[in-house]
Structures are given as C-alpha cells and as structure tokens.
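In what follows, a single structure is set out as structure tokens and then discussed.
The values are calculated or read from the model by the stated rules, or taken from the named source; none is laboratory data. Keep in mind that this is a model prediction, so the values were computed, not measured. Counting neighbours? That spans all protein chains shown, and the Cβs are built from the backbone with ideal geometry, glycine included.
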Amino acid sequence: MFSGNQDARRAEALEDCNVLGIPAETLPPAQDQDGIWKQNLPALEAFLDVATQFNRFGLADGRTRTTGLDYGNARAAWDLAGVDVTPSLFGQIQMIEHAAVAEWNRK
C-alpha cells in the first residue's frame, strides 16, 4: 500500500486521473521519497488496523468528540491481526493517535 516502485505509483495516479476525468497536470510533481518514511510504516499499519476502535461521543449540537483509542479493543484487533505491539511501537501508535484525535476534534 505505501511502498513500491515510484514510477508504477505515478503511472497508477495518471491512470486514475484519466478514469476520473482529472487533468493530469493537477498532480503534484514526482518526488524522490515516499510519503511515509519506512521506519514509520509499522506504526501506521498498526494504527490503521485499529482505526475503528476509537471512543466517540455525541454532543447536543450534533457534533461528535473523539477521546482516543479503546485500548482493550485495540489489543484484541492487534492480536487477531498478528501484530506484536512492543512498547516502542505502542509509543509511535500513540503519537499518531494523538494527532488524529486533535484533528478530528478541531472545531
């Protein structure tokens, strides 16, 4: 998903533009690096494995607030996915979690 040949990804993006009717010149220029640094990929993948396990509640005005991951449910999901969550990996996941919660609650 996040790794692979830069030329192949560019070709896929151009094909997507063609299918969707988006002018190819609107694509950003190709870059020499991936959008996700390789050392961050395990944390991102582990975070995405549990992206449905957030605690949320509704406000009277119809908005919602996210408080963070339900770690019990997240642990079950990681176990089922075969992810070995080390203390170091967990710290990286929490950094992503905190940024996601801040973004979701920004209003």
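Data table
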{"quantity": "Selection from region 81-107 of residues that are among the aliphatic types (A, V, I, L, M) and out of contact with any helix residue (DSSP H, G or I) (no Cβ under 9 Å at 6 or more places or on another chain)", "calculated": "ALA99, VAL101, ALA102"}
{"quantity": "Selected residue (only one of ALA46, ALA74, ALA99, ALA60 is in a loop (DSSP other than H, G, I, E, B) and not basic (Lys, Arg))", "calculated": "ALA60"}
{"quantity": "Residues (part of a loop (DSSP other than H, G, I, E, B) and either modelled with pLDDT of 85 or more or exposed (fewer than 10 other Cβ atoms within 10 Å of the Cβ) (or both)) located in region 1-21", "calculated": "MET1, SER3, ASN5, GLY21"}
{"quantity": "Verdict on VAL83 being assigned to a helix (DSSP H, G or I) and either within 20 Å of the chain's Cα centre (by Cα) or free of Cβ contacts under 8 Å to residues at least 12 places away in the same chain (or both)", "calculated": "no"}
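The rows are residues; the columns are (1) at pLDDT 95 or above; (2) over 19 Å from the mean Cα position of the chain (by Cα); (3) in the same structural domain as ALA8 (by TED's automatic domain parsing).
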{"site": "ASN40", "(1), (2), (3)": "no, no, no"}
{"site": "GLY62", "(1), (2), (3)": "no, yes, no"}
{"site": "GLY68", "(1), (2), (3)": "yes, no, no"}
{"site": "ALA74", "(1), (2), (3)": "yes, no, no"}
